[in-house]
Amino acid sequence: MQTKEFRTVHLNHLTIDNLFSLSKSTIEYASPLRESIGELPKATLARLENDNNAMGVQMKKALKSVLTAQVATLDLDCDDRFAEVKRNVSTHLQGRDPEKKAAAEELKIFFNPYWDTDSKPLNTQTSLLTEMFGKFKASEKLKTFGATIGITDMMAGLETANTALAALYQTRNEQDAAVEGPSASSLKSATAKSYEQFCTAIEQAVNYTPSDVLSILFNQMDELRKTYARLIRKKEKEEEASPVETD
C-alpha cells in the first residue's frame, strides 16, 4: 500500500493572513466530518479551531481602519471587472462564431484555476490574480485569444484595479500594525503548530484507518497546501528578482 503524504508547505514563510486563510479553509472542510475522522484528528481539529479563532480575533482588531471602506470599494470594483471578463468568456462559449467559440474554449481552460479567485480572502485573491496576469501576458496565444473575444482592455483594467487594491490593502495593514493590544503575530506559532498537528493526525488516519471520508478530506487539504505552497514560491521568486540595495 502506497503511503499518502501531504505536500510540503513551509508555514513560517506564510504571512499571518495566509496562515489564517489556510487554517480556516481546512477547518471548513473538516468540521462537518469531525465525527467520522477518528478521535485524534477530532481532538487536534478542536485545538486548531481554538488557536486560529484566537488569532483571527486579533487580526480583526488590527484590520479596523479608515482605509477599510476604500479597500471594500476597490474589492467590489475588482470583483465586477473579473465578472465581466468571465461573462464574455462564457457568452462566446455558447456563441455561433467558430473562431470566437474556439478562443473562448482555450481561455476557459486557462481561467479555470482562477475562476473563483474573487471569492477568496483579499491577500490570496490579489496574489492569484497577479499570477494570472503574468501568465496571460507571457503567452502570445492567450493574448490573441483575448483579442479575438474582445477582453484585452477588460484584462488591462482588471490588472490596474487589482494592483491598486493590493497596494491599498498593504498600506492599511502597515498602518494598523502599531495598534495597541496583543498582536496576531504573537499567536501565529501556536496556530502553525496546531495546523501541522492536525495534518499529521489526518495523514496517519488516512494511512492506518483509511475510509472514503478521510481520503476525500486528505485530497481537499492537500489541494489547499498546493495553493499556498505556490504562493510561497511566487513570493520567493519575486524577492530573488528584486534588486538588492547597497550603500
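Taken together, the values in this text are just the output of simple stated rules run on the coordinates, not laboratory data. Treat the numbers as computed from the prediction; the structure is a model and nothing was measured.
Just to confirm the number: angle between the C-alpha axis of helix 152-176 and the first principal axis of the chain, 0 to 90 degrees, nearest 10? That helix lies at roughly 40 degrees to the long axis. Within a straight-line Cα-Cα reach of under 30 Å, LYS101 can be paired with the following lysines, leaving aside sequence neighbours fewer than 8 residues apart in one chain: LYS86, LYS120, LYS135, LYS137, LYS141, LYS143.
The relative contact order of the chain comes to 39 percent, based on Cα pairs under 8 Å that sit 6 or more residues apart. Helix content alone sets the calculated 222 nm mean residue ellipticity of the chain: runs of n ≥ 4 DSSP H residues at -39500 (n - 2.57) each, divided across all residues, give -26000 deg cm²/dmol. Computed from Cα atoms, the angle from the helix 185-208 axis to the main principal axis of the chain rounds to 80 degrees. Between the entries (i) 56, 34, 29; (ii) 60, 42, 36; (iii) 57, 52, 38, the label attached to Cα extents along the principal axes in Å calculated for this structure is (iii).
Above 24 angstrom, tally the Cα pairs of the range 1-105 and express them as a % of all pairs, no decimals. Value for the range 1-105: 56 percent of Cα pairs lie more than 24 Å apart.
Over all distinct Cα-Cα pairs of the range 85-226, the Kirkwood formula returns a hydrodynamic radius of 18.6 Å. Enter the angle in degrees (range 0 to 90, nearest 10) between the Cα long axis of helix 140-149 and the first principal axis of the Cα atoms of the chain, meaning the one along which they spread out most. On a 0 to 90 degree scale, this one is about 70.
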